[in-house]
Amino acid sequence: MIYLTRRVEFSASHVLRNPGFSDEENRKIYGECANPHGHGHNYVLEVTLGGEIDPKKGFFMNVVELKHILDEEIIGRLDHRNISVEVPYFREHVATSENIAVWIWRLLVERIDRRMLYRVRLFESSNNYVEYFGE
Ligand SMILES: [Zn+2]
């Protein structure tokens, strides 16, 4: 088994706010991130695939194909967007890194063999990241 990771960056804004909570509860839970006007991040996404090297090709996944999938599925949907407003799923779900990572996984598994998709790692800042390895 060998692992291939592609890293991509996107800039997006969001609001951490659950409409089921009062303003005060939202402020208590999410702090400044509950500001209803939103705030932005330069996100870094790392997607890791694992597979067996095809002896004829010398790789298991063409990195250009992975680049295209990430550009179409993730960058096209999130870059320079307000995630909480412009991505329908996040009108119903709080746009935390945790929820965004799971949402990314679910999009990718439609395009990439589940057995090959190993990890989604999402950095909201250089100090914090979340990882998701599937259900
Ligand atoms: Zn934030």
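The values are calculated or read from the model by the stated rules, or taken from the named source; none is laboratory data. Keep in mind the model is a prediction, meaning the values are calculated, not measured. Cβ: placed from backbone, ideal geometry, glycine included. Neighbour counts: every protein chain shown. Keep in mind that these areas ignore ligands, DNA and RNA; they rest on the heavy atoms of the full protein, side chains included. Shrake-Rupley method; radii C 1.70, N 1.55, O 1.52, S 1.80 Å.
Please determine, by comparing only the residues of the stretch 5-32 that are among the hydrophobic types (A, V, I, L, M, F, W, C) and over 17 Å from Val130 (Cα atoms), which one is least open to solvent (accessible area, probe 1.4 Å). That would be Val15. Quick one: would you say Met1 is of a type in the set (A, V, I, L, M), more than 16 Å from the ligand (Cβ to nearest atom) and open to solvent by less than 60 Å² (accessible area, probe 1.4 Å)? Criteria not met by Met1. Is it true that Asp79 is at pLDDT 95 or above, of a type outside the set (A, V, I, L, M, F, W, C) and open to solvent by less than 90 Å² (accessible area, probe 1.4 Å)? So Asp79 passes the test. With surrounded by fewer than 16 Cβ atoms within 10 Å (Cβ to Cβ), farther than 18 Å from His41 by Cβ and of a type in the set (Lys, Arg) as the only criterion, which of Arg119, Arg114 stands out? Criteria check complete, one pass: Arg114. Can you name every residue in the stretch 84-101 that is more than 15 Å from Val44 (Cα to Cα) and open to solvent by less than 40 Å² (accessible area, probe 1.4 Å)? Within the stretch 84-101, Ser84, Val87, Phe90, Val94, Ala95 qualify. Residue count for the stretch 40-64, restricted to those that are closer than 24 Å to Val87 by Cβ and open to solvent by 50 Å² or more (accessible area, probe 1.4 Å): 2.
Yes or no: the stretch 40-51 includes at least one residue that is more than 24 Å from Ser126 (Cα to Cα) and more than 16 Å from the ligand (Cβ to nearest atom).
For the stretch 40-51, residues more than 24 Å from Ser126 (Cα to Cα) and more than 16 Å from the ligand (Cβ to nearest atom): present.
Residues in the stretch 62-85 that are of a type in the set (Asp, Glu) and over 12 Å from Ser13 (Cα atoms): Glu65, Asp71, Glu72, Glu73. Ala12 meets all of the listed conditions (1) touching a helix residue (DSSP H, G or I) at 6+ places or on another chain (Cβ under 7 Å); (2) away from the ligand (no atom under 13 Å from the Cβ); (3) part of a strand (DSSP E or B) but one, namely (2).
Tell me, please, whether a residue that is under 24 Å from Leu108 (Cβ atoms) and either part of a helix (DSSP H, G or I) or within 22 Å of the chain's Cα centre (by Cα) (or both) can be found in the stretch 17-38.
Taking every residue of the stretch 17-38 in turn, none turns out to be under 24 Å from Leu108 (Cβ atoms) and either part of a helix (DSSP H, G or I) or within 22 Å of the chain's Cα centre (by Cα) (or both).
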